[in-house]
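Bear in mind that the values in this text are calculations on the coordinates, not laboratory data. These numbers were taken from a predicted model, which means no experiment stands behind them. Heads up, the Cβs are rebuilt from the backbone with ideal geometry, glycines too, and the neighbour counts pull from every protein chain shown.
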Amino acid sequence: MNAPRRFDEREIALIFEQANAAQESRVTVAEQSNGLTLEQLHDIGRDVGLSSENITRAANAVARGDLIPTARRTWMGLPVGVSRTIEFSRPVSDAEWNQLVMTLRETFDARGKVTSEGPFRQWHNGNLQALLEPTTTGHRLRLSTRKADAPVWLGLGVMYLVLAGLFATLVSSGAVDAKANIGVLLFGVGGVAALASTYIRLPRWARVRASQMEAIAAHSAELNTGR
């Protein structure tokens, strides 16, 4: 018999926030270093007037990952990767996986490619991928993507600015003719443009990808609840 699932501090806060009682739960949660079981959550809920049904519903949502925010991986303070994990409390059938693939294609506006290896099933389109893997209770869907060209554009911008500074130093020292100032201007403008476009594009890209993954999570929640 499997041991009852324990919810960590972050998950507990989400559960009670979902049940409109986060302020009552925080003191109790801080004292539980090993997490709480669903039964213990019910006990706390009764103390603050929350129904077991609402707590169970919120706990199931947390266990599936419905309430866990989409994660972002950053580089030099900028988002370069977005990911989300969705838990299914039961196995996903072939028909449901096909339905998920259709949703992925519609949501990301990409046909992508479907592959399988043993119990693992995957849909991917470039750096964007959705991996369905088996768990002890059902399946787990891992959504992830990354902006592979972000370090290139950031590095290019920095390199151009360094070259602009080098040319400026050589001109000011008299080592090269003043006509080299055109190089200072060109490299300076190129560096600023590369950095500015990257700093504008990446947050926008990450927001769009995160919202798309939220849509996939919402569709997965419907599969989980059988709607």
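A few notes on this one:
- Residue within region 127-141 that is more than 30 Å from THR56 (Cα to Cα) and surrounded by fewer than 18 Cβ atoms within 10 Å (Cβ to Cβ) present: yes
- Any hit, region 175-192, residues being within 29 Å of the chain's Cα centre (by Cα) and either assigned to a strand (DSSP E or B) or not aliphatic (A, V, I, L, M) (or both): no
- ASP149 vs. criteria out of contact with any Leu (no Cβ under 6 Å at 6 or more places or on another chain), farther than 25 Å from ARG73 by Cβ and charged (D, E, K, R): no
- Scanning region 70-121 for residues that are under 20 Å from GLU214 (Cβ atoms), touching a residue at least 40 places away in the same chain (Cβ under 8 Å) and in a loop (DSSP other than H, G, I, E, B) yields THR70, SER89, VAL92.
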